Amino acid sequence: MFKKVFPLSSILFLRFLGLFLVLPVLSVYALDLQGATPFLVGIIVGGYALTQAIFQVPFGSMSDKIGRKPTILFGLLIFLVGSLVCAYSTDIYTLMLGRFLQGAGAIGSVVTAMIADLVEEKTRGHAMAIMGGFIAMSFALAMGLGPVIASHYGISTIFIITAILALVAIGVLFTKVPTPPKIKHIYHGKTSTKDILKDSNLLGMIIINAMQKGLMTAAFVIIPVFLTQPEYGFNWAKSDLWMVYAPAMVAGLIAMGPAAVFGEKRNIPKQIFMLSIILFTASFVMMGLTNSSGIFITAVIFFFIAFNMMEPLVQSMISKFAKVHQKGAALGIANSAAYFFTFIGGTFAGLYLDISSRETLGLTIGAIGLIWLIFTALKMKNPIRYSHLIIPEDDVDFDKLNALESEHIAEWFINETEKVVVIKYATEAMNEDELKGKVCK
């Protein structure tokens, strides 16, 4: 399974590494461009996410018609062009255009769908966790490298590196990624897309995913501006930003592994998410109120720990809560909401810096975090542990299967390509032999 997931996760890693490299420094460097205001800088920091949100569904539909690989290639080429536009921009509006182009190559949902094509249902949750882990690693690595590269070579160099990373990703696509089989499923029972939003667990995960990404861009408008602009009391040099990001990066990487293990193996993602939300909330309140560099650095460390604890679990939990034939739709809705909030987070932070104070901004985001925590505590549940029984289609008595009504069977479907029936059942309530006896001829 890992051999199938690794190349696709590597493509996302390279793409997100390019996007994340500029985040720690983009807001403060963009302020020096012609025509820049905090509000426009906020739009630029999250601008790529607006076009991501818009083009997620069209790219997914395109991949169904012309194939996954050609669609991913098209998206990476757009991303490459956008990176070059950013690299050679000299005013705020050209940079904004480049950021919008970077996001327009919206291949995230296509890569997710391709992983689903290649990986068996019973290991798909693990595959999504691996993909999330790669994204989290790209985030952590970028936080350490971005400030160093920008201070020594300029932010244009980061965008050129991003374009090179897109070319490397294209190479991986055509040398390492296998062509997925065309699999036809017949699903038992019908549900509509709106049922995704009626499921409190899925809705909670969509909100968690969106809030996490929105707070990410808000943080990367706030952190470099607060630290480097004299009016906020710290007055750091831009070249010193690595001193706050480096310890935060290390802490985030250390936290990511245990969070993923405890969340997945011990089945306590709700508790991991709630701890992360508490750290998010504390970090923004501390950044807004403190005049101490040490406390500010601690706040940034809290933010990185919270982000990295969440990231490997989010995609996996969405895939676990969704019905098998709604995983693509659920992930599409979740990713679109996340990208939209990524844009809103940067725009909100930039606008707030224009019209209000650092203290008010920190307290406002802290209040939002508290509401988010209460919603998660009340609405979300840890997922039921399920297993998958796979039986040759010819061995199944469909009259028995159709008549079998059990709260412990989540769903079943037929994989017509492989001529098997897949039954998803609660592991703790039923055993495999018992279930076989009830559905086999």
Cβ-defined net charge surrounding residue 375, 15 Å radius [Lys, Arg +1; Asp, Glu -1]: +2
Using the per-residue mean of other Cβ atoms lying within 10 Å as a proxy for protection, in what order, highest first, do the peptides 389-400, 210-221 fall? 210-221, 389-400
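Evaluate E = 1/(1 + (r/R0)^6) for residue 123 and residue 243, where r is the Cβ-Cβ distance and R0 equals 35 Å; express this FRET efficiency to the nearest 0.05.
The computed FRET efficiency comes out at 0.25.
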Could you give the length gained on full extension between residue 418 and residue 94, defined as 0.36 nm per residue of separation minus the Cα-Cα distance, in nm? 111.6 nm
Just to check I understand the Karplus step: with θ = phi - 60° and J = 6.51 cos²θ - 1.76 cosθ + 1.60, what whole-Hz values come out for the stretch 60-72, glycine and proline as x? x, 5, 4, 5, 5, 8, 10, x, 5, 4, x, 5, 5
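Ignoring ligands, DNA and RNA, what percent of the accessible area of the stretch 1-130 is carbon or sulfur (1.4 Å)? Could you put the intermediate results ahead of the total?
Details: 3060 of 4410 Å².
Ligands and nucleic acids excluded, carbon and sulfur reach 69 percent.
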Step through the table entries 4/65; 323/424; 3/323; 320/379, compare each Cα-Cα distance with 20 Å, and write down the pairs that go over it. 4/65; 3/323
Take residue 377 and residue 194, extend 7 Å from each Cα along the Cα→Cβ direction, and tell me the distance between the two endpoints in nm. 3.3 nm
So, in nm, how far is label residue 2 from label residue 357 when the simple model puts each one 7 Å beyond its Cα toward the Cβ? 5.3 nm
Relative contact order for the chain: what percent, with Cα pairs under 8 Å and sequence separation of 6 or more? 23 percent
Base-10 log of normalised Debye intensity for the chain (one unit scatterer per alpha-carbon) at q = 0.06, 0.10 Å⁻¹: -0.26, -0.69
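How far, in nm, would the chain grow between residue 167 and residue 426 when pulled straight, counting 0.36 nm per residue and subtracting the alpha carbon separation? Before the final figure, lay out each step's value.
Numbers: separation 259, 0.36 × 259 = 93.24 nm, distance 4.42 nm.
Stretched out fully, the residue 167 to residue 426 stretch lengthens by 88.8 nm.
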Accessible area, 1.4 Å probe, largest first: how do 231, 411, 359, 428 sort? 428, 231, 359, 411
Over every pair of different alpha-carbon atoms in the stretch 192-325, take the mean of 1/r and invert it; report that Kirkwood radius in Å. 16.0 Å
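Sorted by accessible area (1.4 Å probe), largest first, how do 242, 412 line up?
242, 412
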Calculated from DSSP H runs of 4 or more alone, at -39500 (n - 2.57) each and per residue, what is the 222 nm mean residue ellipticity of the chain, nearest 500? -25000 deg cm²/dmol
Relative packing of peptides 145-152, 95-102 - highest average C-beta neighbours within 10 Å first: 95-102, 145-152
In Å², and per residue, what accessible area does the chain have when probed at 1.4 Å with the other protein chains present? 40 Å²
What residue among 384, 66, 161 has the largest mean-square fluctuation in a Gaussian network model of the chain, using Cα springs under 10 Å? 66
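Given the convex hull over the Cα atoms of the stretch 1-56, what projected area results after averaging over all orientations, in nm²?
Value for the stretch 1-56: 5.0 nm².
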Put 388, 126 in order of accessible area, largest first, 1.4 Å probe: what do you get? 126, 388
Rh by Kirkwood over Cα pairs, then Stokes-Einstein D for the stretch 1-151 at 1.002 mPa s and 20 °C, µm²/s: 133 µm²/s
Rounded to whole Å, √(5λ) for the Cα gyration tensor eigenvalues of the stretch 236-298, largest first, gives 28, 15, 6
What FRET efficiency comes out for residue 152 versus residue 231 if R0 is 35 angstrom and r is the Cβ-Cβ distance? Round to the nearest 0.05. 0.85
What's the ranking of 197-207, 281-291 by average number of surrounding C-beta atoms within 10 Å, highest first? 281-291, 197-207
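The values are calculated or read from the model by the stated rules, or taken from the named source; none is laboratory data. Note that the structure is predicted; figures quoted are calculated from it, not measured. Here Cβ is always computed from backbone atoms with ideal geometry, including for glycine, and neighbour counts include all displayed protein chains. Keep in mind that these areas ignore ligands, DNA and RNA; they rest on the heavy atoms of the full protein, side chains included. Shrake-Rupley method; radii C 1.70, N 1.55, O 1.52, S 1.80 Å.
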